Amino acid sequence: MKGFKERVAQGDILISDGAMGTYLQAKGLKPGECMESWCVSHPEVVKGIHEDYIAGGADILETNSFGGTSYKLEPYGLAHKVRELNLAAVALAKSVSRRTGRAYVAASVGPTGRIAEDEGGDVTPQDLYKAFQEQVVALEEGGADALCIETMASLTEALQAIKAAKDNTKLPVICTFTFEAGARGFRTMMGVTPERAAREAVAAGADIVGANCGNGIVNMIEIARQTWAAQPNTPILINANAGMPVLEGEKTVFKETPEFMASKVIDLIKAGARIIGGCCGTTPDHIAAMAKAAKAVY
Ligand SMILES: [Zn+2]
């Protein structure tokens with residue numbers, strides 16, 4: 001199998017997988033339970049999710065390590081388990097990709113949940129750097145093919161994550177932000193535009209930029225366009241969610257169907273996306289439909 005960086009550099013269209021968190025909830029993860037701890041408490045479930053996405057046609061598996069920094073694990077009393085949980089997360093995805101010989105493992109790195117001093121919070125950029133360093137070193141040690149820093153809203157935090165990844169590992173670094181549509185166009189919760197996010201992420205060393213989560217796949221077409229215009233030489237990853245979550249009784253539902261999301265894949269590719277997958281609410285059926293749509297053309 002060709003290296004991940006090589007595949008992306010030659011302009012191949014790759015399909016990433018879909019949701020981990022909402023899929024784990026569907027498989028019994030309780031509200032308030034630590035999702036990453038399932039890598040050791042329910043390894044067969046996490047592995048089964050990877051298997052389902054491979055069967056759906058994913059070229060990239062994202063590990064169950066989104067909240068794998070000490071800051072995120074601390075409220076569960078698991079701050080001392082950063083290395084163990086991140087190693088386990090990569091091992092599970094690796095075992096599936098190795099057996100099938102066809103998927104890359106992108107290790108998920110989500111926000112710490114803390115806000116840096118310069119943005120009104122109580123941690124220093126160095127604190128954030130150290131937390132990301134501890135996580136990314138374990139993810140590389142586990143054998144990940146790439147790091148996927150995602151769901152970022154703060155530029156300070158994203159740049160510290162990228163810096164920690166570039167300084168301490170040799171892995172290709174993906175960095176995606178989450179944008180919301182507002183009166184002034186697309187911005188992250190902290191007010192960052194797609195153009196600025198892409199420009200600063202690339203300047204900090206990100207190899208691939210883009211967006212994840214958000215509010216459905218249609219917004220992503222314009223977000224990809226703006227990202228591409230800002231950084232025409234950097235590959236773009238788009239992992240859309242299946243629309244905004246809607247509360248129906250006790251259940252959270254995502255309304256975008258596999259068919260609907262698949263119908264927008266070609267527009268996303270035309271807007272510059274090279275890696276396409278799903279975020280919250282997407283399932284192996286969404287990924288299968290999207291992979292089929294992409295592969296029919298590319
Ligand atoms: Zn999401």
- Task: Compute the FRET efficiency between Lys170 and Arg83 as 1/(1 + (r/R0)^6), taking r as their Cβ-Cβ distance and R0 = 25 Å, and round to the nearest 0.05.
- Result: 0.85
- Item | segment 30-84: C-alpha pair distances exceeding 16 Å, % | 46 percent
- Peptides 93-102, 259-268 ordered by average Cβ neighbours within 10 Å, highest first: 259-268, 93-102
- Query: DSSP beta bridges in the chain, what fraction antiparallel, as a percent rounded to 5?
  - Reply: 20 percent
- Item | Computed label-point distance, nm, for sites Ser263 and Asp118 using a 7 Å Cα→Cβ extension | 4.4 nm
- For Asp285 and Ala183 in the same chain, what is the full-extension length gain: residue separation times 0.36 nm, less their Cα-Cα distance, in nm? 33.4 nm
- Pick out which of Ala153, Ala161, Ala181 has the largest mean-square fluctuation in a Gaussian network model of the chain, springs linking Cα atoms closer than 10 Å. Ala181
- Message: Taking the number of other C-beta atoms within 10 Å as the exposure measure, put Thr112, Thr156 in order starting with the fewest.
- Response: Thr156, Thr112
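Is the shape of segment 1-131 best called rounded, prolate or oblate, per the rule: a/c under 1.5 gives rounded, else a/b larger than b/c gives prolate, else oblate, with a ≥ b ≥ c the square roots of the Cα gyration tensor eigenvalues?
oblate
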- Query: Can you tell which of Thr156, Val96, Gly142 lies farthest toward the positive end of the dipole of the chain, using +1 and -1 charges on the Cβ of basic and acidic side chains (Lys, Arg; Asp, Glu)?
  - Reply: Val96
- Could you sort 222-233, 242-253 so that the peptide with the highest average Cβ count within 10 Å comes first and the rest follow in order? 222-233, 242-253
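Give the peptides 284-291, 137-144 in descending order of average Cβ contacts within 10 Å, highest first.
284-291, 137-144
Where a number appears in this text, it was derived from the coordinates with a stated rule and is not lab data. Predicted, not measured: the structure shown is a model, and the values here were computed from it. Note: ideal-geometry Cβ built from the backbone for every residue, glycine included; neighbour counts use all protein chains shown.
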